[in-house]
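In what follows, a single structure is set out as structure tokens and then discussed.
The numbers here are math on the coordinates, done by the rules we state, and not lab data. The structure presented is a predicted model; accordingly, all values stated were derived computationally and were not measured. Glycine also receives a Cβ, built like all others from the backbone with ideal geometry; neighbour counts cover every protein chain displayed.
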Amino acid sequence: MGAAKSVATLPDTVNKALEVENLTVTLPPDAERRLAVDDVSFSVARNEILCLLGESGSGKSIIALAIMGLLPRPVVNVRSGRIGLNGQDLLALSPRRMRQMRGQQVSMVFQEPMTALNPLLPVGDQISEVLRTHTKLRKKERRDRVLTLMDDMQLPDCERLYAAYPHQLSGGQQQRVMIASALALEPALLIADEPTTALDVTTQARILSLIRKVCVDYNAAVLLITHDVGVAAEVGDRVAVLRYGRVVESGPTRSVLESPAQDYTRMLMASVPRFQPRTGNQPHHYRLLIEARDISKTYVGRSLSAKGRQVQALRDASLQVYEGEIVGLVGESGCGKSTLARIIANLEQSDHGEIRFRGEETKALIARDNRAFRKGLQIVFQDPYRSLNPRRSIGQSIVEGPLNMGVSSQEAWEGARAILEDVGIDARAVTRFPHEFSGGQRQRICIARALAMQPALLIADEIVSALDVSVQAQILNFLREIRDRSDLGVLFVTHDLRVAAEICSRIAVMRSGEIVEMQETQSLFESPQQDYTRSLLNAVPGKALLEGTAIELVDQTDRPASCAKAD
């Protein structure tokens, strides 16, 4: 299907729950383009999952907000089109009637459950609020209904979790609470907006399996929004690929992803990390940079609700990183990856064990010359927006470290401009602020800030987990280029084995605070020694597609050279 027709192929069924026809949504006059959504049409039947697949800025979430009646009017408006839900045109409804439809006929699960859930209310009460607003059920009936929903969502110990607060739940449990709340009134349409972004692979697999189960058990139509090709391959019945607000290609999921007809779809497929180690990942140098020996860490609860409770985050964890090497640290959420990274960076203290940097024990090095340690080891965090001061220009953020190390102002600013060019951002952007850049560009800026210190070791903590596949590919390519032209060692923390295979020479697998396996990447993928490692490999979304030949046939030159602003 050509890009000129912004239409997703309609299912061959009369049981359509959602019909979007010629939807056009305008953006503010100062936006980078005139239309957020440009003449888009598609439909979703009951007991069907349609995936809207595309990069940030493609219009996916705007379509979802238009369906929900939650567009930020008058800044963003529907200019034309029709949104039909069970025969009713949602765009023609009054605000009062639309509020009634939300929850009863259409519900939405948002990307980040911690921002969607009220931190001051127990999660059971938050699910019950939907029933209290839209039904006449009594308190006990509402509670029973909520417990049944939580059990349907495969949540453990529902009675206890009913009274728990959002921060006491894992990311996967929070997302299941959001799905339970969305399904409380058994709506005809469930919209899931990036529901598995930044979740580890096993939690992703459970959430995707749950969405498929919901689709069948509740006879619901599901509109799943994602930038992850693997997610679409795993759960979608059909897929519609969006770019700049238009559907460029659509059809049955396997047909579109295995034999893409459009250049843009081929580019997306080329950007997906392959489910096999890339050649040329072996290190060039063999001088030991950092060594962690038998690191243990136990957290003790201090709040009233958790006083005295102990959680052992690390148990005798050991690893090494050499010059010119990228070592992956892989595992599920809560396994201790970030704790170990922070201890290595001296942002937290271990209870037991030793860290040696370039052969010297770090405590002694820090006591003797803290500036040298801080200069030699830098860390880049998962969320680039939170890592950058929104009130300072990116240039000011980059020069801060070198200035603190005694570099002259002129030299620091010249270095900032040069390092920005190195990461693919125009040097003239030094005066711009973080909000003026896309997520991928902000992450490049954070990497530039770290590299401005000329470190020997870079710790990258989930730096690509929430990025589009094409932006992710650009960041990984850049890290490879740094490794190839310098002695920089990288500790690459990730939950995504696809990404680890793409860039790492060795991988350490963590579980419950322990490193259960560490091998060269090729060996780990070909012959994992632990059942847990095998379970992680098997849980990767879209594994069957990623192991196939479709990606191998894609022309890698279709990959874009630089980030476009995606906000």
**Request:** Rank Q105, M150, Q204 by how far each Cα sits towards the positive end of the charge dipole of region 93-216 (+1 on Lys, Arg Cβ; -1 on Asp, Glu Cβ) and give me just the farthest.
**Result:** Q105
**Fill in**
Per the rule of 0.36 nm per residue minus the C-alpha distance, extending Y286 to L403 adds in nm 39.0 nm
**Kirkwood hydrodynamic radius over Cα pairs of region 111-186, then Stokes diffusion coefficient at 37 °C and 0.692 mPa s, in µm²/s** = 272
**Prompt:** Quick one: if you stick a label point 7 Å off each Cα along the C-beta vector at A31 and A427, how many nm between them?
**Reply:** 3.5
**Message:** Within 13 Å, Cβ to Cβ, of P390, how many net charges do the neighbouring residues add up to if Lys/Arg are +1 and Asp/Glu are -1?
**Reply:** +3
**Request:** Per DSSP H run of n ≥ 4, the term is -39500 (n - 2.57); total these for the chain, divide by its residue number, and report the mean residue ellipticity at 222 nm rounded to 500 deg cm²/dmol.
**Result:** -11000 deg cm²/dmol
**Prompt:** Any idea what the relative contact order of region 459-551 is, in percent, if you count C-alpha pairs under 8 Å spaced at least 6 apart?
**Reply:** 21
**Message:** If packing is taken as the average number of other Cβ atoms within 10 Å across a peptide's residues, how do 173-185, 71-83 rank, most packed first?
**Reply:** 173-185, 71-83
**Prompt:** Ordered by packing density, taken as the mean number of other Cβ atoms within 10 Å over each peptide's residues, highest first, how do 132-144, 503-515 rank?
**Reply:** 503-515, 132-144
**Item:** Burial ranking of peptide ranges 233-240, 453-460 (average Cβ count within 10 Å, highest at the top)
**Value:** 233-240, 453-460
**Request:** Using the Kyte-Doolittle scale, find the helices of the chain whose mean hydropathy is at least -0.5 and whose Cα atoms extend 15 Å or more along the helix's long axis, counting only whole DSSP H runs.
**Result:** 123-134, 171-182, 201-217, 394-404, 439-451, 469-485
**Request:** Determine the sum of side-chain charges near I507: Lys and Arg each +1, Asp and Glu each -1, restricted to other residues whose C-beta is under 14 angstrom from that of I507.
**Result:** 0
**Request:** Take every DSSP beta bridge with both residues inside the chain and express the antiparallel ones as a percent of the total, to the nearest 5.
**Result:** 55
**Asked** Efficiency by 1/(1 + (r/R0)^6): what FRET value for L137 and L91, r their Cβ-Cβ distance, R0 = 35 Å, to the nearest 0.05?
**Response** 0.70
**Message:** Give me the extension gain from R534 to H352: residue separation times 0.36 nm, minus the current Cα-Cα distance, reported in nm with one decimal.
**Reply:** 62.5 nm
